[in-house]
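The values are calculated or read from the model by the stated rules, or taken from the named source; none is laboratory data. Bear in mind the structure is a predicted one, so any value in this text is a computation, not a measurement. Note that each Cβ is placed from the backbone with ideal geometry, even for glycine, and that neighbours are counted across all protein chains shown.
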Amino acid sequence: MPTAYERALVRAVPDVIEETVRIAEIPAPTFHESVRAAYVHDRLAVIGGWSHLEVDGLSNVIAVRKGEAGRARLLLCAHLDTVFPDPATPVVRSRGKLIGRGVGDNSLGVAAMLGVAEAMQTTAVRGVGDIILAANVGEEGRGDLRGARRLVRDYARDFDAMIAIEGHALNRVQTQAVASLRYEVSVETEGGHSWGEYGRKNSIALLARAIVALEPLMPDPKATPKTTMNVGVIRGGRSVNTIAPDAVFELDIRSVEPANVDALLRQARLAMRRAVGDEAEVRFKRIGARPGGSVPADSALVQAVLGARQGLGLPEPEFYAGSTDSNAAIGAGFPTTCIGVTTGGEPHTPREWISTAPIKRGVPYLGRAIVAAARLSRGAVRIG
């Protein structure tokens, strides 16, 4: 027979769907999450019963629920930020879907965490360790996990394992953290008027050479261990009639094998410098570095998550390698995973969508997984 908590999780589903829409329609670009953070803080305050509730200096929202000694203490992270700078982010409802910027990544994750928090507090769940719920900033892009890193640092003595929550990952369980390096690559020249100083070196043209030089180094998409390289942003120049005095692009290199990231970066640096030659200096500025690592599929944390799926009609999950808030914890030596609430598609595009029907199973799964992990002994949850 379902427990009172499990029944509360089922009842929470419609509210989680509506909460997802409300959260998604509050703009929260990376570095500008404070308005959404204030909303989440107010929701947690209404739920109440926390031993500690605050918004920290980065706009991370933290609520602490004290539990029983000897049980595993959990840090839960659901990131607030989106990749979109839009001042307004309307959500469209269409045939069992929600469509909108950041609706699954990660508005649903935050909404589901709030739904689980309310179910946990109203039913007074017992037999669990301390639970730190955090709606954190800076997961996307140049945020470089700033929110999760701060939480891991500030609460390192207060938790034993971490679960990251992402809206799209219902049928995936993260067991590997993808290592990555991100660099800003730039070139500067004298510049000048496109007619009067014609013949001077153009930074955009030189940078284009550097980008083209990366093509032969692009890893095979089918190769293992998977390694990727991407040019994601290009900026530069002054006007159509100005010889560009500066140009910059942002480079992202990732791999499930951290050594591959370093090796590919060395090759890329050499290739770009050779392509530009002595016509200008190619400068490299690191703008992001995410640690890699893994958690065994047979670890107590992952097994607790898998057990929570039983009886909900969910398929066997895929163990996957990802780049999420969990990277911050695994880089600091904590067992961690990332799980989700529904299925969907087109994340990081204006066409992003999620299916609402699977949320009926996703919220109970998430709530059960959190409690199952928090009922482990502190000794059982540790790795290494």
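Taken over region 123-162, the criterion of being touching a helix residue (DSSP H, G or I) at 6+ places or on another chain (Cβ under 7 Å) and of a type in the set (Val, Ile, Thr) is satisfied by Thr123, Val125, Val128, Ile131, Val137, Val152. In the set (1) β-branched (Val, Ile, Thr); (2) farther than 30 Å from Ala4 by Cα; (3) buried (at least 21 other Cβ atoms within 10 Å of the Cβ), the condition left unmet by Ile131 is number (2).
The residues on offer are Glu19, Glu33, Glu25, and the sole one that is of a type outside the set (A, V, I, L, M, F, W, C) and surrounded by fewer than 19 Cβ atoms within 10 Å (Cβ to Cβ) is Glu25.
May I ask you to list the residues in region 348-382 that are modelled with pLDDT under 95 and either buried (at least 16 other Cβ atoms within 10 Å of the Cβ) or small (Gly, Ala, Ser) (or both)? Answer for region 348-382, where residues must be modelled with pLDDT under 95 and either buried (at least 16 other Cβ atoms within 10 Å of the Cβ) or small (Gly, Ala, Ser) (or both): Gly379, Ala380, Val381, Arg382.
Which residue out of Gly345, Gly340, Gly331 is in the same structural domain as Asp86 (by TED's automatic domain parsing) and either without any contact (Cβ under 8 Å) to a residue 60 or more places away in the chain or surrounded by fewer than 20 Cβ atoms within 10 Å (Cβ to Cβ) (or both)? Answer to the check: Gly345.
Of all residue pairs spaced 6 or more apart or on separate chains, those with beta-carbon atoms under 7 Å, a first member in region 13-41 that is at negative phi and a second member that is surrounded by fewer than 16 Cβ atoms within 10 Å (Cβ to Cβ) and of a type in the set (Lys, Arg) are Thr30/Arg142.
Select, from Val261, Val256, Val302, Val248, the only residue that is in the same structural domain as Arg150 (by TED's automatic domain parsing) and not basic (Lys, Arg).
Val302
Residue by residue, here is whether (1) crowded, with 18+ Cβ neighbours inside 10 Å; (2) farther than 30 Å from Ala156 by Cα; (3) touching a residue at least 40 places away in the same chain (Cβ under 8 Å) holds:
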position: Arg254; (1), (2), (3): yes, no, yes
position: Ala275; (1), (2), (3): yes, yes, yes
position: Ala300; (1), (2), (3): yes, no, yes
position: Phe319; (1), (2), (3): no, no, yes
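Scan region 191-216 residue by residue and report those that are among the aliphatic types (A, V, I, L, M) and touching a strand residue (DSSP E or B) at 6+ places or on another chain (Cβ under 7 Å). So that I can check it myself, show each step before the final result.
Step one: list which residues in region 191-216 are among the aliphatic types (A, V, I, L, M), which gives 204-208, 210-214.
Result: Ile204, Leu206, Leu207, Ala210, Ile211, Leu214.
Within region 159-207, the residues that satisfy the criterion of being crowded, with 18+ Cβ neighbours inside 10 Å, hydroxyl-bearing (Ser, Thr, Tyr) and under 30 Å from Val240 (Cα atoms) are Tyr183, Ser186, Thr189, Ser203. Does region 280-297 contain at least one residue that is hydroxyl-bearing (Ser, Thr, Tyr), part of a loop (DSSP other than H, G, I, E, B), in contact (Cβ under 8 Å) with a residue 40 or more places away in the chain and under 24 Å from Gln176 (Cβ atoms)? No, region 280-297 contains no residue that is hydroxyl-bearing (Ser, Thr, Tyr), part of a loop (DSSP other than H, G, I, E, B), in contact (Cβ under 8 Å) with a residue 40 or more places away in the chain and under 24 Å from Gln176 (Cβ atoms).
Kindly indicate whether any position in region 300-321 is touching a Ser or Thr at 6+ places or on another chain (Cβ under 7 Å), more than 26 Å from Leu114 (Cβ to Cβ) and either of a type in the set (Phe, Trp, Tyr) or assigned to a loop (DSSP other than H, G, I, E, B) (or both). Yes, that holds for at least one residue.
Within region 31-74, restricting attention to residues that are in a loop (DSSP other than H, G, I, E, B) and aromatic (Phe, Trp, Tyr), the residue that is nearest to the chain's Cα centre (by Cα) is Phe31.
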